[in-house]
Amino acid sequence: MIAQPADGAIVAVLAAEEEARKLTDSPVWIKGMGWCSGTPIIEERDLTLPLAVRKAADMAYKMAEIEAPRRQLDLVLVDDQYAYKELQHIEAMKLASLGEAAEMLEQGDLSLSGELPVNPEGGQLGVGHLLEASGLQKVLEAYLQLTGQAARRQIEGAETALVQSWRGIPTETTSVLILSRS
């Protein structure tokens, strides 16, 4: 399954703490971020584990002081422009052991009420592929979740979210953010 192209635009306001507190009573903070590009040479890639995703996640975890991501994250928004990428990215970001993500999906661990809710808004497969705005669409969903504004899909008590965006072929560029209410 492939996410269908969709139109969309997202605006995010980034500000220093003092300014952010003037703008809203419920700011969301960037606690960690990482970015990496893989090789454009397909023969050099590990097609089972996107190493650029792993490196970007490791950078974000280090900056956010996250040592046990599966326990320390309340929700995860991952790139799923191709259905299999959701599971692959979950494993690359150490949220599941290699080969474990499919079992987590089957057991409901990745559902809204599961151990690790993933893409509560439906991901790109549900929302559509907003091309270059896809990453910010995930930031918007994380903001809604962390500020309690996600309506029927609200993850109760969500404090910390991971947002991952993946550019895909040919560069396999990816970014990972750790966002938090506190």
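The values are calculated or read from the model by the stated rules, or taken from the named source; none is laboratory data. Quick caveat: nothing in here was measured; it's all calculated off a predicted structure. In this analysis, Cβ positions are derived from the backbone assuming ideal geometry, glycine residues included, and neighbour counts consider all displayed protein chains.
Overview of values
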| read-out | value |
| --- | --- |
| Residue within segment 38-59 that is farther than 18 Å from T160 by Cα, assigned to a loop (DSSP other than H, G, I, E, B), at pLDDT below 95 and small (G, A, S) present | yes |
| Scan of segment 48-71 for residues that are free of Cβ contacts under 8 Å to residues at least 60 places away in the same chain and either of a type in the set (V, I, T) or touching a His at 6+ places or on another chain (Cβ under 9 Å) (or both), ordered by number | T48 |
| Candidates G38, G34, filtered to the one that is over 25 Å from Q145 (Cβ atoms), of a type outside the set (A, V, I, L, M, F, W, C) and crowded, with 17+ Cβ neighbours inside 10 Å | G38 |
| Selected residue [surrounded by 17 or more Cβ atoms within 10 Å (Cβ to Cβ) and either modelled with pLDDT of 95 or more or among the basic types (K, R) (or both)] from E156, E106, E91 | E91 |
| Only one of S134, S113 that is surrounded by fewer than 20 Cβ atoms within 10 Å (Cβ to Cβ) and free of Cβ contacts under 8 Å to residues at least 60 places away in the same chain | S113 |
| Long-range neighbours under 6 Å by Cβ, at least six apart or interchain, first residue touching a residue at least 24 places away in the same chain (Cβ under 8 Å) within segment 148-175, second assigned to a loop (DSSP other than H, G, I, E, B) and hydroxyl-bearing (S, T, Y) | T171/S37; T173/S37 |
| Number of positions in segment 8-22 that are surrounded by fewer than 11 Cβ atoms within 10 Å (Cβ to Cβ) and within 20 Å of the chain's Cα centre (by Cα) | 5 |
